[in-house]
Amino acid sequence: DHTGSPAQCERDREVRGHPDCSLVVGEQLTAVRVTGSQSTVLKAGDRRPIKQTDESEGNTRAPSMEDLTVDGITLEMLQAARETVNTSPLGVIKTPMIPWSQTTLPLNVACNIHIKMENLQRTGSFKIRGVANQFARRPKGGHFVTMSAGNYGKSFAYASKHYGSKGKVVMPETAPILRSVLIQSYGVEVERVPTSSLMTVVNRCVKQENMTFLHSYDDVDLIAGHASLGFEILDVVPNPDVVVICCGGGGLLAGVAAAIKLSGCQNTQIYGVEPQGACTMYRSFIEERPVGMDTKSIASGLAPPFAGALPYTLCRRYVEEIVLVSDEEIKTAVSTLYRSGFLVEPSGAAAFAAVANDRIPGIAGKSVVVILSGGNIGKDELANFPD
């Protein structure tokens, strides 16, 4: 995972630039912890603790944001990130949670559902949470590059303008053109390329233009920032039975799942939701390693070319299952939400689509939380959805 140091940037270029979009061909490598010149390889399903050592002193030390293993991500780390997010000059807000019963949304099964309204978040999605923690841990005035279908890019551009940093967003050609225009309005450069070329262009920017790569989902600071959403859920529903979360590269799912499980909610079942045409985490669970695929979905924000390595490792530990929804089900979900007064983009509606189409098992009579993760959708896009 990339956390900003030159050595880690180099590893990020070498590893994620592989055309297979996996970490090492033939190996089920899920995470690497690097300490000086030493590295420890974790295989899929390996949950053994790793001792943190200060090489100069020979003493054990507490895990830091530089430690890349799942065991290095602690409750204390996530709580510290929540404080960073809450006090960020970017103005991250504590979004409301409302009971499903207080809406006009249809419900096929009798259960107690709360909806987390991240579509009302600053910049229109949850992404600002992770970005707030990322930028707080980077030097001001840096020159950063990232890849995004829109929501991370918008938050990245917003933060770049605030912190006085130079930035570039590499976007898939499938992303709505208005999102590119919006990102450019913050003074950030945009380059649109085929999805399969995203990492190639990012690598070029790092090597030829000396930019620092900020990953849009496979970054420990970003994931820790997203965990703040999980803590907010527990503030309202202290011990939920089920939490349903959209999944693209897995950063949000990993962060929220870690926050909930590390807070002691061991019986909470956490489900990730992906589009059928962009099911990288679903396939990663089957193959027991983070993998890539040619993705295609109306939910462009959930269609990165590969699952994140660190998110995959965290999801294998804390997530019950990845379920799939079709693009038609996502379209219907966007329309259903809109008719009830909720402006939600396709990516943000995936978790709702899963619940509405009975993809989440055994929720009757349960306490359930569904996250609406984003609301960045324009009038031109809405015209393409059913009435």
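Every number here is computed from the coordinates shown, using simple stated rules; none is lab data. Computed from a predicted model, the values in this text were never measured in an experiment. Cβ: placed from backbone, ideal geometry, glycine included. Neighbour counts: every protein chain shown.
Computed with the Debye formula from one identical point scatterer per Cα of the range 197-256, without solvent, the log10 of I(q)/I(0) at q = 0.20, 0.25 Å⁻¹ comes to -0.79, -1.01.
Note on the range 314-386: Cα-Cα pairs beyond 16 Å make up 51% of the total pair count. In order along the range 214-220, the phi-based Karplus estimate (6.51 cos²θ - 1.76 cosθ + 1.60, θ = phi - 60°) of 3J(HN,Hα) comes to 9, 6, 7, 7, 9, 8, 5 Hz; Gly and Pro are listed as x. In this rough spin-label picture, where each label sits 7 Å from Cα along the Cβ direction, the SER185-LYS366 distance is 4.0 nm.
A straight Cα-to-Cα reach below 20 Å connects LYS207 with the lysines LYS166, LYS168, residues fewer than 8 places away in its own chain not being considered.
What does the charge count near MET97 come to, summing +1 for each Lys or Arg and -1 for each Asp or Glu among other residues with Cβ under 13 Å from its Cβ?
Numbers: positive: LYS94, LYS116; negative: GLU118, GLU232, ASP235.
Neighbourhood net charge equals -1.
Under the simplified labelling scheme, the LEU107-LYS161 pair shows an inter-label distance of 3.9 nm, with each label point 7 Å from Cα along Cα→Cβ.
What is the extension gain from VAL236 to ARG204, computed as 0.36 nm multiplied by their sequence separation minus the C-alpha to C-alpha distance, in nm to one decimal?
Working: separation 32, 0.36 × 32 = 11.52 nm, distance 4.50 nm.
Here the segment from VAL236 to ARG204 would lengthen by 7.0 nm.
Derived scalar couplings between HN and Hα for the range 93-104 equal 10, 7, 6, x, 10, 10, x, 4, 5, 9, 10, 9 Hz in order, rounded to whole Hz, by the Karplus curve 6.51 cos²θ - 1.76 cosθ + 1.60 (θ = phi - 60°), x for Gly and Pro.
Stretching LEU75 away from ASP294 to a fully extended chain increases their span by 75.3 nm, per 0.36 nm per residue minus the current alpha-carbon distance. Under a Cβ-Cβ cut-off of 11 Å, what is the net charge of the residues other than GLY378 that fall near it, where Lys and Arg count +1 and Asp and Glu count -1? Summing Lys and Arg as +1 and Asp and Glu as -1 gives -1. If the viscosity is 0.890 mPa s and the temperature 25 °C, what Stokes-Einstein diffusion coefficient in µm²/s follows for the range 252-352 when Rh is the Kirkwood radius over Cα pairs? Approximately 174 µm²/s, per Stokes-Einstein. Zone of GLU320 (label point 7 Å along Cα→Cβ, backbone N under 13 Å): which residues in the range 259-299? What the label zone holds, given the 13 Å backbone N cut-off, is 266-273.
Normalised by 2.2 N^0.38 Å, with N the number of residues, the alpha-carbon radius of gyration of the range 111-223 equals 1.07.
Here each label is just a point 7 Å from Cα along the line to Cβ, and for ILE177 and SER197 those points are 1.8 nm apart.
Karplus-derived 3J(HN,Hα) values for the range 179-185, using 6.51 cos²θ - 1.76 cosθ + 1.60 with θ = phi - 60°, are 5, 5, 4, 5, 4, 5, 5 Hz; glycine and proline are entered as x.
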